[in-house]
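Nothing in this text is a laboratory measurement; each read-out follows from the coordinates by a stated rule. Every value quoted in this text rests on a predicted model; they were computed, and no experiment measured them. Counting neighbours? That spans all protein chains shown, and the Cβs are built from the backbone with ideal geometry, glycine included.
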Amino acid sequence: MPGRTLFEKTWDRHVVTGDDPSLLFVDLHLIHEVTSPQAFSGLAHAGRTVRRPDLTVATLDHAIPTTGRSLGIRDPKSRLQVETLRNNCATHGITLFDIDDPRQGIVHVVGPEQGLTQPGMVIVCGDSHTSTHGAFGALAFGIGTTELEHVLATQTIWQKRPLTMAIEVDGDLPRGVAAKDLILGILATIGVRGGQGHVIEYRGSAIRGLTMEERMTVCNMSIEGGARAGMISPDDTTFAYIEGRPYAPTGAAWERALDDWRELATEPDAAFAAIRHVAASTLVPHVSWGVNPGQTIPVTGSVPSPDMFEDEAERDTAARALEYMGLRAGTPITEIPVEHVFLGSCTNGRISDLREAARVVAGKRVSDRVSAVVVPGSMQVKAQAETEGLDRVFIDAGFSWRDAGCSSCLAMNPDVIPYGERCASTSNRNYEGRQGRGARTHLVSPAMAAAAAITGHFVDVRDWE
């Protein structure tokens, strides 16, 4: 009998009934203020209650301000969303990391840092970047409002079984190449539909060499390649990260959990529906030039011409992207100026990301042409950064130091990039209007974003170092 993959073991453990689709038990349901109101409303209309409030955790992140919180939430729609989530959590006995809670932050940052995210779980959230939690060996994916209501009512979800894909990354990441560059390089290769219909398992020596925060960055953007989820088999790095966190098992329960988690790893003779190979040594710092994460090239390259694409649809897409981005084919990436820099998001708003960016900007000043902000992924990350003095490094360099939230990643809050202006962003999406109507987004690593803030344009951070 052939070996089984991490995905297969996790899926099979959670099937309640059915073949394809299957009804899966959900171990952890994460919710926030933007996608949950309609689900709770449907629940109330049907006279139902939350089936397992003990397996449901809420936080405020998408629509909340990152400055002036003592003044309250000024936007009426955002204020209503926040008040609605508070009322729903109080009604159903759900734990809420409220705006003044020291545990508050972006949902995909607080889950891991609180120890809520654990290997072998099925985790869902009304947010597409739930794939972040797959870094721990969990099967984690975003769901819609109707599905969200179903999970609240039953603690289960119907899902069609996806195929499996392995992306093998072997070797050592070169100097100056971050986990963000790794996933951007993968997306540039497979495109935004390359993982469609699959759960991707990231494997190989380069993946094993990543920290947990770096693994979260990689899994976070699996959805940008069309995949249903991204996963990494748990190992000692995973266990060391979880141990001692508030919601982690303790004592004898911890030892039992370790025995169980060690059984989850993909077996050597397991088969995948598709396999892609990436040599870590070939990776370089990347910058997106277009309006989807697949439209990304090395910082050493130039903006491509639509004529370079053989497929007519891709040519049309590239032409529209250049028009929206206000770029001319052939322009070197390092000659593209930026007016804004955003350091944060569930992709790159963790303490290691802030440390890396601070190392680049220490002792320097933000360009007069640039407005730069740092938004920690959680209030715990913010507190840790302030303990280490990173806030002073950023403030002295001319950055704005903010409270935790999704912020400029998606412009559902006051942190909006103005029309026609260009932002070097550590977030995960560069779609049209993602950071504000007419805003132009370039996806980069924290070090690349920090260097762009200082120079006012993109630079190869390897030369910077």
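See the values below:
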| read-out | value |
| --- | --- |
| Rounded Å value of the spacing that divides the Cα centres of the stretch 364-411 and the stretch 246-305 | 27 Å |
| Those aspartates and glutamates that a straight Cα-Cα span of less than 19 Å connects to Lys160, excepting residues fewer than 8 apart in one chain | Glu8, Asp12, Asp19, Asp20, Asp27, Asp127, Glu147, Glu149, Glu201 |
| Nearby aspartates and glutamates by direct alpha-carbon distance to Lys77 (threshold 18 angstrom, same-chain neighbours under 8 apart not counted) | Glu33, Asp61, Asp98, Asp415 |
| Packing rank of 218-231, 352-365, where each peptide gets the mean count of other beta carbons within 10 Å, highest leading | 218-231, 352-365 |
| Arg161 long-range amide H proximity, modeled H, under 5 Å | Ser22 |
| Positive-pole candidate from His62, Ala279, Ala385, dipole of the chain, charges at beta carbon | His62 |
| Relative contact order, percent, the chain [alpha-carbon distance under 8 Å, six or more residues apart] | 17 percent |
| Highest average packing first - 293-306, 236-249, Cβ atoms within 10 Å | 293-306, 236-249 |
| Inter-label distance, nm, simple model (7 Å from Cα along the C-beta direction), Thr49/Ala383 | 3.2 nm |
| Cα→Cβ-extended label distance, 7 Å offset, between Arg69 and Asp98, nm | 1.2 nm |
| Two-site FRET efficiency, Trp464 against Arg437, from Cβ-Cβ distance with R₀ of 22 Å, rounded to 0.05 | 0.10 |
| Cβ-derived FRET efficiency at R0 25 Å, Glu243 paired with Thr282, nearest 0.05 | 0.10 |
| Two-site label geometry, Ala319 and Leu163: point separation in nm, points 7 Å out along Cα→Cβ | 3.2 nm |
| Rounded, prolate or oblate (a/c below 1.5 giving rounded, otherwise prolate when a/b exceeds b/c) for the stretch 376-463 by Cα gyration tensor | oblate |
| For the chain: Kirkwood Rh in Å [reciprocal of mean 1/r, alpha carbons] | 22.4 Å |
